[in-house]
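Heads up, the thing below is written out as structure tokens.
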Amino acid sequence: MNEEGIREIVLPGEFLCEKAGRKLGNGVYLEGEKVFAKVLGIPKIEENEISIIPLAGVYIPRTGDRVIGKVVSVEISGWFVDINSPYLAFLPLSEAVVEFVDIYKTDISRYFDVDDTIFCTVSKVTKDRTVQVSMKNIGSRKLHGGVLIKINPNKVPRIIGKGGSMINIIKRKTGCEIYVGRNGYIWIKGEKKTKAVEAILKIEKESHVIGLTEKIENMLSETYEQK
């Protein structure tokens, strides 16, 4: 960490430390007993693990991820969904609707239609990157109205904060309803959604700055005290 309170950023190929019996996490590689950065990012060197928090990249779906998607097409037995990934996801009818549906007599766009926004879960990812999502998990729902913004998926943990600390500050200070997808899509609804968007984009931009949680809280407090 430097004098201005900004976390150190390392380049691909840069030496981090000796392995010293620790586990290797994401974004690093080993040469002998020396650990090097595989990607541009912030080093996270802990007692039991060495890893890199990447500053850039695309969303690669993983089973269990809660994501936000936009329906891009309606098929006979389900929907194709954009989840901000190189791979479209498929939402089967059986993973979206509880009751029996005769697909030969029912227009399933009555449930979800093109451009609908949904909060869902990645339920399956095959070796050839076929991705399936489900609406069966608790909290899954269609998101009505609101605005949808896109951030770097690697910054999502910073937006959420430890134990949800950061996102809860934004919700509390703005009164907005906010859903954060692991894929980098964030849905916001409320009268003060503009301020929520400003705060989220600031976190994305300054994710490497120390003390950011307090900075965001002060920013939002000052905004509403002035009003």
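The values are calculated or read from the model by the stated rules, or taken from the named source; none is laboratory data. It should be emphasised that the depicted structure is a prediction, and the values quoted were computed from it without experimental measurement. Because the Cβ atoms are built from the backbone with ideal geometry, glycine has one as well, and the counts that use them run over all protein chains shown.
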Fill in: Close pairs (6 angstrom Cβ cut-off, 6 or more residues apart or separate chains): more than 11 Å from ALA37 (Cβ to Cβ) in region 13-25, surrounded by 14 or more Cβ atoms within 10 Å (Cβ to Cβ) and of a type outside the set (A, V, I, L, M) anywhere
GLY25/SER51
Worksheet, complete the sentence: Of the listed residues (TYR111, TYR179), the one being touching a residue at least 12 places away in the same chain (Cβ under 8 Å), of a type outside the set (D, E, K, R) and in the same structural domain as LEU220 (by TED's automatic domain parsing) is TYR179
Fill in: Top-ranked residue of region 98-110 - restricted to ones that are in a loop (DSSP other than H, G, I, E, B) and in contact with a helix residue (DSSP H, G or I) (Cβ under 8 Å, 6 or more places away or on another chain), ranked as surrounded by the most Cβ atoms within 10 Å (Cβ to Cβ)
VAL101
Discussion item. Which condition from (1) surrounded by fewer than 19 Cβ atoms within 10 Å (Cβ to Cβ); (2) under 16 Å from SER134 (Cα atoms) is the one that PRO86 breaks?
Written reply: (2)
Worksheet item: So, of the residues in region 37-73 that are at pLDDT 95 or above and out of contact with any Lys or Arg (no Cβ under 7 Å at 6 or more places or on another chain), which turns out to be farthest from PRO157 (Cα to Cα)?
Response: SER73
Discussion item. Of all residues being free of Cβ contacts under 8 Å to residues at least 40 places away in the same chain and in contact with a helix residue (DSSP H, G or I) (Cβ under 8 Å, 6 or more places away or on another chain) in region 146-170, which is nearest to GLY64 (Cα to Cα)? Just the residue, please.
Written reply: ILE160
Response to the item:
Filter region 89-115 for residues that are of a type in the set (D, E, K, R) and closer than 16 Å to SER134 by Cα; the one that is nearest to the chain's Cα centre (by Cα) is GLU95
Worksheet item: Restricting attention to region 41-65, and to residues there that are part of a loop (DSSP other than H, G, I, E, B) and over 25 Å from ILE151 (Cβ atoms), which single residue is nearest to the chain's Cα centre (by Cα)?
Response: GLU46
Practice prompt. List every residue pair whose Cβ atoms sit under 9 Å apart, with the two residues 6 or more apart in sequence or on different chains, where the first one lies in region 117-129 and is loosely packed, with under 15 Cβ neighbours inside 10 Å and the second, anywhere, is of a type outside the set (Gly, Ala, Ser).
Written response: THR126/GLN132; ARG129/ILE60; ARG129/PRO61; ARG129/PRO86; ARG129/TYR87
Practice prompt. Identify the residue in region 175-225 that is of a type outside the set (Val, Ile, Thr) and in a strand (DSSP E or B) and, among all such residues, is nearest to the chain's Cα centre (by Cα).
Written response: TYR185
Worksheet item: If you take the residues in region 76-121 that are modelled with pLDDT of 95 or more and charged (D, E, K, R), which one is farthest from ASN154 (Cα to Cα)?
Response: ASP113
Worksheet, complete the sentence: From the option list GLY161, GLY211, GLY181, single residue qualifying as surrounded by fewer than 20 Cβ atoms within 10 Å (Cβ to Cβ) and either at pLDDT 90 or above or of a type in the set (A, V, I, L, M) (or both) is GLY161
Worksheet item: Quick check, is ILE68 within 14 Å of the chain's Cα centre (by Cα), surrounded by 14 or more Cβ atoms within 10 Å (Cβ to Cβ) and more than 30 Å from VAL10 (Cβ to Cβ)?
Response: yes
